[in-house]
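Reviewing the structure listed below.
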Amino acid sequence: MKRKYWILICVVIVVTSLIIINLRAKKGKSISVQVEEVKQRNLKMVISASGSIRPKRKIDVSASTIGKITRVSVEEGDYVENGQFLMQIDPEQLESSVMRIEASLKFANATRKQARYEMKQRKNELERIQRLFEQGFRTDQDIEIARTAYDVAVAKFEASNQSVAEQKALLKSARHDLKEVTINSGMAGVVTRLNVEEGETAIMGTINNPGTVLMTIADLSQIEAEVEVDETEVVYIKTGHEASVTLDAFPDTTYKGIVTEIGNSPILSSSVTGQQGVDFKVVITLTDTIPNVRPGLSADAEIIVAQRDSALSIPIQSLTVRGKKDIKDFNASDSLSDDSEDIEGVFVILDDKARFRMVEIGISGSKYFEVISGIDIGEEVVSGNYKAIRDLKDGQRVEIKKN
C-alpha cells in the first residue's frame with residue numbers, strides 16, 4: 001500500500017513537470033515576422049473616384065414653335081460663333097399669321113380714326129345745343145339726347161383704342177414666333193450633338209413634353225470632370241483641393257484640376273445585392289487643356305485632401321487592435337474610458353520580443369499612416385505578415401524574417 005502511494009506521487013510529479021516544461025516551451029516559442037523602420041516620409045491622403053468629363057458651359061438648342069425643318073447649315077463637330085445661323089423651320093404658316101394680324105391692325109386703326117371723328121362731332125353737337133339751350137331755343141330733352149350720343153361716341157373711341165392695342169400685342173407675338181423659326185447660336189462653341197435633319201418636324205416643349213432638342217453646343221475651352229464620391233469620403237473634400245484626372249481615352253496622360261463644386265444632395269444607387277449606396281457629386285475643373293476632347297469620356301480622379309511633409313510614419317498593415325486585458329504593464333487606462341476595451345497600436349521590437357504600443361494616427365497615404373504620438377523615429381515595427389500581426393501577443397518572442 002505504501003509502495004502504491006509513492007508510485008502515485010511520482011506519477012503526479014512527472015506529469016506536472018511535463019506540463020510545466022510544455023508551457024515554458026510554448027511561452028518561449030518565437031513567431032517569424034517582418035519589420036520596418038519608423039521613418040519620416042512625405043504623405044498624401046488621396047480619395048479616388050470615377051465619372052466622366054463634360055464642358056463647363058453648354059446649351060441645348062430647342063424649338064419654340066412647331067414646324068418642319070427646311071434648312072440645316074451646320075454639322076456635328078462644327079465650330080459656331082455667337083449669333084451664327086444654325087437652321088430654319090418652315091416659316092410659311094407664321095408669315096401668313098403675321099400678314100393677317102397686320103391687316104387686322106390696319107382695320108383697327110381705321111376704325112379708331114373713324115371713332116375719333118365721330119366723338120369730336122358729337123362733342124361739337126353737344127356744345128352747340130348747350131348754347132341754344134341757354135338762349136331758350138332748346139329743351140332739357142335735347143341736351144340729354146346730345147349728351148348720350150357723345151357718351152356713346154367716347155365709348156366707341158375707347159373700345160377702338162383697346163382693339164388697336166390688342167392687335168399690336170398679337171402682331172408682336174406673331175413676329176416673335178416668326179423670328180424663332182430662324183434659329184441662331186446663343187453662344188460660341190462646338191456642335192457636339194445634332195439630333196435632327198432637314199425634313200423632320202420640330203416640336204416645341206410643353207409642361208408634359210420637353211420638346212425637341214435640336215442640337216447641343218458646348219464651350220470646350222473649359223472642361224470639368226464630374227465624379228461620384230462615397231459618403232464616407234466626401235466629408236474630407238473641400239473646394240480648392242487639388243486633383244489629377246486621367247481619361248480612358250488617353251491613359252498615359254494626367255491632367256491637373258481643382259475641386260470647384262461638391263454636391264449637397266446624394267446620388268442614390270442600388271448595388272447587385274439590393275443595398276442602396278449613397279454617393280455625392282464632386283466637380284473638378286481641369287486647368288490643363290485636353291486635345292481632341294469629347295464630352296462624356298470616362299474619367300478617373302484622385303483628389304488630394306491632405307498632405308504632410310516629413311511626417312513620422314508606419315506601414316498601414318502594422319496598425320492593429322488589442323484589448324486592454326491582452327497588454328502587459330498597460331498604464332494608459334486612465335486616458336481611456338471604462339467602456340473602451342480596444343486599443344489601436346503597433347507591435348514594436350524590443351529585445352527580440354514584440355511589445356504592443358498604443359499610437360495616435362493622423363492622415364493615411366497609399367501605404368503609410370502618419371503617426372502623431374506613441375512612437376519614435378528609428379524604432380522597428382512589425383509589418384508582416386498579416387497572420388503574424390493578427391496572432392501576435394504582447395511580449396511574445398519573435399524571429400525577424402529578412403525581406
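With 20 Å bins beginning at zero, the pair-distance distribution over Cα atoms of the chain amounts to 16, 26, 20, 17, 11, 7, 3, 1, 0 %.
Of the beta bridges DSSP finds with both residues in the chain, what % are antiparallel, to the nearest 5? Write out the running numbers ahead of the final one.
Details: 90 of 93 bridges.
So the antiparallel bridges amount to about 95 percent of the total.
Within the chain, which whole H helices from DSSP have a Cα span along their axis of at least 27 Å and a mean Kyte-Doolittle hydropathy of -1.0 or more, if any? The partial results should precede the final answer.
Details: long enough: 2-28 (39 Å, 1.01); 92-134 (63 Å, -1.10); 140-180 (60 Å, -0.59).
Span-like helices, by this rule, are 2-28, 140-180.
Within a straight-line Cα-Cα reach of under 19 Å, K393 can be paired with the following lysines, leaving aside sequence neighbours fewer than 8 residues apart in one chain: K26, K27, K29, K324, K325, K328, K353, K401.
Can you pull out the trypsin sites (Lys or Arg not before Pro) in region 222-318 whose DSSP state is coil and whose Cβ has at most 10 other Cβ atoms within 10 Å?
Details: sites: K238, K256, K281, R308; in loops: K238.
For trypsin sites (Lys or Arg not before Pro) across region 222-318 that sit outside H, G, I, E and B with at most 10 neighbouring Cβ atoms in 10 Å, the list reads K238.
Among the trypsin sites (Lys or Arg not before Pro) in region 336-403, which ones are in a DSSP loop with at most 10 other Cβ atoms within 10 Å of the Cβ? Mind listing them? Walk me through the intermediate numbers first.
Details: sites: K353, R355, R357, K367, K387, R390, K393, R397, K401, K402; in loops: K367, K393, K401, K402.
Loop-located and lightly packed - K402.
Neighbour counts of other Cβ atoms within 10 Å put S318, S48 in the fewest-to-most order S48, S318. Amide H to amide H, with H built 1.01 Å from N, M187 comes under 5 Å of G83, counting only residues 5 or more places away or on other chains. Taking amide H atoms as placed 1.01 Å from N in the peptide plane, the amide H of H241 lies under 5 Å from those of V259, each 5 or more residues away in sequence or on another chain.
Only Cα sites of region 91-179 enter the Debye sum here, all with the same form factor; the resulting log10 I(q)/I(0) across q = 0.24 1/Å is -1.01, listed in q order. Taking label points 7 Å from Cα along the Cα-to-Cβ direction, E198 and E231 give a separation of 5.5 nm.
When the chain is treated as a Gaussian network with alpha carbon springs shorter than 10 Å, the biggest mean-square fluctuation among E180, E197, E92 belongs to E92. Annotation: the residues R41, R322, sorted from fewest to most other C-beta atoms within 10 Å of their own C-beta, follow the order R41, R322. Under 5 Å between amide hydrogens, built in the peptide plane, is the criterion, and for G263 it picks out K281, V282, V283 among residues at least 5 positions away or on other chains.
No value in this document is a laboratory result; all are computed from the given coordinates. Owing to the predicted nature of the structure, the values given are computational and were not obtained by experimental measurement. We place every Cβ from the backbone using ideal geometry, glycine too, and count neighbours over all the protein chains shown.
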